[in-house]
1. Do any GluC sites (Glu not before Pro) in the stretch 454-545 lie in a DSSP loop with no more than 15 other beta carbon atoms within 10 Å, and if so, which?
2. So what is the orientation-averaged projected area of the stretch 723-782, using the convex hull of its C-alpha atoms, in nm²?
3. Return the subset of Lys623/Lys724; Lys324/Lys654; Lys318/Lys724 for which the Cα-Cα distance in this structure is over 30 Å, preserving the input order.
4. Heads up, I need the accessible area for His716: 1.4 angstrom probe, whole protein in place, Å², nearest 10.
5. With a 1.4 Å probe and all protein chains left in place, how much accessible area per residue does the stretch 354-509 have, in Å²?
6. Estimate the FRET efficiency between Met556 and Ala140 by the formula 1/(1 + (r/R0)^6), using the beta-carbon distance for r and 56 Å for R0, to the nearest 0.05.
7. Taking every pair of Cα atoms in the stretch 405-482, average 1/r, invert it to obtain the Kirkwood radius, and report Rg/Rh to two decimals.
8. If you rank His279, His319, His28 by how much accessible surface each has, with a 1.4 Å probe, what is the order from largest down?
Amino acid sequence: MTARTRTSADTGAGLGLGVAASAALDAHEVLARLGSSPVGLTGDEAAARLRAGGPNAVRTHHAQPLLVLVRQVRSPLLLLLAGTALLSFFLGERTDTVVIGVILVASVALSFANEYRAERASDALHSQISHRATALRGGASELVDVSALVPGDVVRIARGEVVPADLRLLEVAGLQCDEGVLTGESLPVEKDTTPVPSSTAMGDLTCCALMGTVVTMGDALGVVVATGPRAEFGRIASGLGSRHPETEFQAGLRRFSGLLLRVALVLTTLIFAANVALHRPLIDAVLFSLAIAVGITPQLLPAVVSTSLATGSRELAKHRVLVKRLVSIEDLGDMDILVTDKTGTLTTGRLMLTASIDPAGQPSADVLQTALLAAEPRPEGERGLAAVADPLERAMWESDDARALEGFERRGVVPFDHDRRLSSALVRGPAGTKTLVVKGAPEAVLHRAIAIPPGAEDVLRDQFSAGRRVIAVATRPAPEVDAPTARDETKLTLRGFLVFLDPPKPDAAGSLTRLQELGVNVTVCTGDNATVAERLYRDLGLASAGTLSGPDVAAMDDPALSEAARTTTIFARVSPEQKARIVGLLRHRGRAVGFLGDGVNDALALHKADVGLSVDTAVDVAKDAADIILMEKDLGVLADGIVEGRRIFANTVKYVLMGTSSNFGNMFSAAAASAVLSFLPMLPGQILLNNLLYDASQLAIPTDRVDPEQLRAPSHWDIAFIRKFMVFFGPISSLFDFLTFALMLGVFSAGPDLFRAGWFAESLATQTLIVFAIRTRRPFLRSRPSTALMAAALGVVALGVLLPLSPLANVLGFARPPLAFYGALAVMVAAYLLVVELAKRLFFADLHVPVVRPPAPPAHRHLQRRASRFSVHGPLPR
């Protein structure tokens with residue numbers, strides 16, 4: 001074993017140093033600590049380290065059917081059904097077992113099919129990060145697969161290449177890297193080999209090149225200091241290995257299920273005790289009690305939710321929105337805070353030349369023409385222009401005033417470097433005169449100028465305060481120069497400034513206005529500087545409520561940051577971990593948070609949010625972390641998705657409110673009747689059949705229309721509201737049940753079979769038709785349901801009414817009711833709907849909810865005028 005190899009083994013060099021530690025060290029010391037040298041590792045050393053440290057790879061997405069299935073069967077409601085089915089089977093009640101089994105299988109199958117199909121579709125968005133890199137192995141250059149790179153490998157990178165691992169730079173020649181994928185910066189970062197403190201922010205590690213970033217200019221030699229999950233890119237990706245945190249919608253479902261299980265437990269216990277006290281057979285008492293427990297739960301809630309989500313995913317697909325994780329659609333509608341990056345979302349993501357001005361600040365096309373003499377020549381065709389590596393020079397050529405001057409010839413170039421912060425070119429004019437054209441950082445150009453024109457510094461200060469990127473252009477006659485060098489960049493005459501901007505998207509202001517009208521607050525989280533972000537906010541017509549920078553965030557503990565995040569609208573120069581921390585604290589305040597991002601620096605926050613949103617052009621790790629993929633990075637498309645999510649949530653809540661109130665009323669009626677009657681008011685199988693028919697009619701709820709006023713603001717799960725609704729409306733259902741009992745016993749002198757047939761028909765009709773009143777907070781005749789829901793509800797009621805008259809009556813334990821019963825039934829149903837309508841007005845008036853009249857887009861003013869007459873229960877738009 002050589003001394004160098006021993007050092008490697010002793011220090012754990014096979015696992016690397018990490019960029020923070022290596023950035024603070026001299027390049028030679030980094031090589032020593034890694035057990036490497038300027039000529040790289042030998043093949044054997046590299047192979048040994050690959051075995052010890054693993055491949056240079058990050059996690060990718062794969063649909064896993066077993067995990068999808070497990071998510072479906074974890075529902076407490078389904079577990080209750082499964083337990084009841086097993087108990088019924090062992091007690092010999094095969095009919096009950098079949099009915100419960102049908103409900104169970106239908107719910108799980110629908111939910112599984114919808115979610116697994118969505119996950120399979122999302123697989124197409126993910127691809128392996130796989131390419132080759134040039135490494136020195138034993139002093140010789142060879143192409144190796146990126147996954148085979150190890151700490152200590154010496155790698156060469158050049159313009160246009162993706163940095164294959166975290167590198168500590170050893171040699172640099174005009175290197176610039178686009179680090180936007182990690183930091184959110186819209187401009188390339190200049191690189192050198194000078195060490196920086198280990199506490200330096202990721203965006204300022206100028207002596208390192210980071211995995212996943214792109215070389216836009218120059219080339220370099222660097223030593224690999226971290227690979228795979230230990231690189232900055234991979235570390236963020238590895239943070240996504242844990243399962244998605246519970247979203248607000250899932251938490252609401254869990255709390256709701258807990259409420260139902262507690263109610264079912266209490267009722268089941270009381271009913272079982274009453275039946276035992278009445279000396280009824282133990283098996284009958286057990287089965288009847290379990291049927292009551294099952295009856296009070298909305299058994300098809302998972303299927304209704306899944307069907308709603310699947311319907312919504314198809315609607316969103318029409319808007320070029322792909323849903324990876326179905327439950328996120330409802331969280332999208334639930335969202336009241338959107339945290340978004342800046343570049344490419346609010347801005348075009350592409351630099352644009354906004355002004356060419358002289359030192360006095362006056363427009364001057366000559367400044368641009370002069371700068372173009374020192375720029376890379378304009379390529380032919382559109383594809384050639386896109387190939388210009390420097391985004392500043394590309395923006396210059398894309399300007400309407402850009403043109404190549406005739407008769408000028410570039411005779412030599414001094415490339416840009418970090419120390420000078422300049423580039424220059426020797427240009428020969430038509431008359432044979434030679435001129436040195438210099439462009440670069442304004443302070444560097446002004447430092448080399450003969451004199452600074454009056455007012456030039458004020459002009460420059462104004463541009464900087466406006467958040468613009470500025471380069472200065474200067475010239476000097478150079479008759480004595482044949483091959484220019486940096487020493488010639490002196491005694492310059494300032495010609496003017498070029499001003500650049502990543503402009504706002506044309507539709508960004510309108511989209512933000514629409515989001516605000518939907519009650520969604522927008523917070524910007526960017527790696528860019530605060531001045532640029534604040535200027536963008538003003539350009540979009542928004543008022544910033546406060547700005548915090550990355551160092552500010554780092555200095556705050558969680559309580560302080562949580563309080564500050566309540567009013568802060570811009571977070572600038574923040575790291576990936578800080579973005580995720582901000583999102584997490586906003587969620588802990590009870591807000592439903594969405595995060596929109598497309599870079600590796602966004603992945604942790606995407607994973608942390610209630611709903612993570614990315615775009616089709618995003619890096620793989622961001623798409624992997626996201627729940628929803630926008631095929632267009634457009635906030636207008638996102639607003640459409642929010643409206644669709646709210647429609648789905650509103651329809652889900654319709655089912656919940658109907659199921660809990662009517663089921664609670666019916667089961668309370670059954671419990672009371674069983675305590676006073678000499679027979680069971682309804683057999684367990686009849687209770688389960690009643691619920692199966694009722695739930696089948698409600699599978700059409702996902703197709704239902706939603707009143708416009710219910711889409712204006714986020715609506716969150718409110719268990720207290722659901723409980724109050726259940727307790728308020730349930731007794732109304734019981735009241736009409738008791739009227740039915742009196743009718744059957746007092747008028748028709750019904751025996752057990754006739755009693756059960758009459759109550760079966762009445763309970764099914766009232767709890768099914770009540771959907772038309774409960775589905776809207778308007779008078780129900782002024783809100784039209786969907787055709788599918790109307791057909792399903794009327795069809796199930798007709799079936800329930802006809803079953804006691806059918807040949808199946810004897811099998812089901814029913815006796816044929818007299819015709820007079822059906823006349824009485826029609827009167828009771830009409831009276832029930834009228835009473836519920838009056839109770840609905842009283843219930844919502846008692847909530848003291850003001851009428852919500854937020855501004856609506858011009859295209860929807862007519863909807864606003866119609867909807868403003870009705871009160872809306874829920875959070876008010878901010």
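The values are calculated or read from the model by the stated rules, or taken from the named source; none is laboratory data. No experiment lies behind these values; they were computed from the predicted model shown. Neighbour counts run over all protein chains shown; Cβ positions are idealised from the backbone, glycine included. These accessible areas exclude ligands, DNA and RNA; they are computed on the full protein's heavy atoms, side chains included. Shrake-Rupley method; radii C 1.70, N 1.55, O 1.52, S 1.80 Å.
1. In loop regions of the stretch 454-545 (DSSP not H, G, I, E or B), the sparsely surrounded GluC sites (Glu not before Pro) are Glu480.
2. 4.9
3. With Cα atoms farther than 30 Å apart: Lys623/Lys724; Lys318/Lys724.
4. Accessible area of His716: about 50 Å².
5. Dividing the accessible area of the stretch 354-509 by its residue count gives 49 Å².
6. Once rounded, the FRET efficiency stands at 0.60.
7. Answer for the stretch 405-482: 1.03.
8. Most to least solvent-accessible, the answer reads His279, His28, His319.
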